[in-house]
Amino acid sequence: MKHASIEDLIDGLAGELEPVRPRRVLRGSIWAASGWAVGATALLWLLGMRSDIASMPPLSLLSFWLIASAGIAATWSAVRMGLPGVGRDYSGWRWAGLAALSLPLAAVLAGLGDSHAATEAIHRGEGLRCTIQGLVAGIGVGAALFAWLKGGAPTSPTRAGWVVGIAAGSAGATIVALHCPIDNLMHISLWHGLAVAGAAVAGRIILPPLLRW
């Protein structure tokens, strides 16, 4: 019986393999940006943009960019999780997330100084609507990142679920900020922030089983 050589064995194993399209950060980023654009277009087309968008108060602008930076950083980490490689650092989104935590901390301090305004912000009827709108508006980004990671098989589905959820929730919260006319810091921190937290928890629960190898 003739023994097959190593070269023959390799040729036999690789004979039916076909080249695949390389995965690039740019392509994953375009997917996520498209999801962001779809969510923003749909929400603003249905509900309209706030009339004073060009003259938003400084606190509203600051909160917008803090949440947006957390979303962008989480999106970047999620895209890189879908690339082949060992030992990559995906922790950049955590720093942006820590910066965004300054919003609820500032809201707590503001609430201690004016409890009436804090109570009013918490009980506003628009609050829960903003949270729901943020969750819905972020679905496009979440779906795009899920599809990207599904083809890349991330090594840590649990971490990927958290990151995708934070990216989707942050995207939704920034989109809602372009529509919501309320500049109260308590409102933004609580109701817009709930969209981020809710999406993060949903991503952690729903996505890991779907992303496992």
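Every number in this text was worked out from the coordinates using simple rules, so none of it is lab data. Fair warning: this is a prediction, and the values are worked out from it, not measured in the lab. Every residue, glycine as well, gets a Cβ built from its backbone with ideal geometry; the counts of neighbours run over all protein chains shown.
For this structure, a couple of remarks:
- Cα shape, region 24-71, gyration tensor, a/c 1.5 rule: oblate
- In order along region 48-62, the Karplus-derived 3J(HN,Hα) couplings, from 6.51 cos²θ - 1.76 cosθ + 1.60 at θ = phi - 60°, round to x, 9, 4, 5, 9, 4, 7, 10, 5, x, x, 5, 5, 5, 4 Hz, and Gly and Pro are given as x.
- With both labels modelled 7 Å from their Cα along Cα-to-Cβ, the A54 to L105 distance reads 3.6 nm.
- Residue ranges 146-159, 193-206, 39-52 sort as 193-206, 146-159, 39-52 when ordered by packing (mean number of other C-beta atoms within 10 Å per residue, highest first).
- Those residues of region 139-167 whose amide nitrogen sits under 19 Å from the label point placed on A37, 7 Å along Cα→Cβ: 139-148
- Neighbour counts of C-beta atoms inside 10 Å place H187, H179, H192 in the sequence H179, H187, H192, starting with the fewest.
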